[in-house]
Amino acid sequence: MRIRTVTMLGLALITVGACSGSAATTAPASASAAAANYKLTLIQGVQGDPFYVTMACGAQAEATKEGVTLTVTGGNKWDATVQKPVIDSVTAAKPDGVMVAPNDSKALLAPLKAMNDAGIKVTFVDTQLDDTSFAQSVISTDNLAGGTLAAKTLAQLIGDKGSVLVVNVDPGISTTDARVKGFTDEMKNHPNIKVLDVQYTHDDATAATTITTATLAAHSDLAGVFATNVQNAEGVATGLKQATNTTVKTIAFDAGPKQIDDLNAGIVQGLIAQDPYGIGVAGVQQTVLGIKGQATTKTIQTQLAAITKDNVNDPTMAKYLYKATCS
Ligand code: T6T
């Protein structure tokens, strides 16, 4: 793994570079062009989320480059019971390959195994299952490292003391579980910080606002919040905006348009941004390689970056800012 040190928030923070597991490479090979008109489908974790919108932009750009057809679909909320029928209908449509972000690491094993058994090449993009043995490739951010980075940054921002709140989606999601693990493990090195019980929102920003307001009222020593994804970050920021005179500091995963506004407004102090566009590109590349029967890279970790008010307009950060639309 490549790690380079950068300075933000007056702190030494890290950005984590691309690396891979079983088959080492830092630049996944592109499938050769002029493919037959392969049909690919991207099943997003949830529709309308700027993270998955940006992933779809990257996937479409690569699909166009490779001359394959891409369909994008997903459930309208983050829920395995909503995503399962979407998966089943994609299996019935029999595309050549699928890039999928499963909503739950266990509950969606059976339908995705059935998809693979139907002869469809499956690649995990962002989230994954506990069993990835049948996947062409597993492509994601190093979420554990991102959680560690969030904890180090928040600890510094709050003077290494006080209570901190973690606002998370649901238990059983590979990405956000890893972020919380990285965060709570790092906080063990900060004895004067108390990590309150993790709160779950089911990916609902309004729930994140309610939790933030209630926690501010119940814990007068609340010093910081870690919001583990876009919706939680948006909801936490709304709760903090509604509170008067709060000095609570917030670090959040992701970099959607509203999150950037909240960063610029000083409500949120730092964002751990992913590269969803790059995940989409790599997802199409690996899936096409699998369809062609060529070697794929089993594990690919894409880059993340720490974004603050000070570097948000730096051209090197542009690729980490999520899009509301592709154009
Ligand atoms: O943080 C991303 C994604 O990585 C995670 O798996 C689910 O939430 C997001 O889509 C952001 O809302």
>> Please go through the range 59-83 and give me each residue that is within 15 Å of Thr127 (Cβ to Cβ) and assigned to a helix (DSSP H, G or I), ordered by number.
In response: Ala80, Val82, Gln83
>> If I ask for residues that are away from the ligand (no atom under 16 Å from the Cβ) and assigned to a loop (DSSP other than H, G, I, E, B), which ones from the range 111-132 would you list?
In response: Ala118, Gly119, Ile120, Asp131
>> Quick check on this structure: which one of Thr54, Thr91, Thr73 is open to solvent by less than 30 Å² (accessible area, probe 1.4 Å) and within 16 Å of the ligand (Cβ to nearest atom)?
In response: Thr54
> Within the range 262-312, restricting attention to residues that are within 28 Å of Gly235 (Cβ to Cβ) and among the charged types (D, E, K, R), which residue is nearest to the ligand (Cβ to nearest atom)?
Replying inline: Asp275
> Just one of the numbered conditions (1) outside any helix (DSSP H, G or I); (2) more than 26 Å from Gln303 (Cβ to Cβ) is not true of Val167; which one?
Replying inline: (2)
> Of the residues that sit in the range 239-257 and are outside any loop (DSSP other than H, G, I, E, B) and of a type in the set (Val, Ile, Thr), which one is nearest to the ligand (Cβ to nearest atom)?
Replying inline: Ile251
> Which residues, taken from the range 312-327, are part of a loop (DSSP other than H, G, I, E, B), crowded, with 17+ Cβ neighbours inside 10 Å and not aliphatic (A, V, I, L, M)?
Replying inline: Tyr322, Lys323
> Within the range 124-179, which residues are among the charged types (D, E, K, R), open to solvent by 30 Å² or more (accessible area, probe 1.4 Å) and within 23 Å of Asp96 (Cα to Cα)?
Replying inline: Asp131
>> I need the full set of residues from the range 133-150 which are in a loop (DSSP other than H, G, I, E, B) and within 15 Å of the ligand (Cβ to nearest atom), in order please.
In response: Asp142
>> Which residue is nearest to Ala61 (Cα to Cα), if the candidates are limited to the range 276-294 and must be surrounded by fewer than 23 Cβ atoms within 10 Å (Cβ to Cβ) and in contact with a strand residue (DSSP E or B) (Cβ under 7 Å, 6 or more places away or on another chain)?
In response: Gly278
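The values are calculated or read from the model by the stated rules, or taken from the named source; none is laboratory data. The structure presented is a predicted model; accordingly, all values stated were derived computationally and were not measured. Virtual Cβ from ideal backbone geometry, glycine too; neighbours counted across all protein chains shown. Quick note on the areas: whole protein, heavy atoms, side chains included, nothing else; ligands and nucleic acids left out. Shrake-Rupley method; radii C 1.70, N 1.55, O 1.52, S 1.80 Å.
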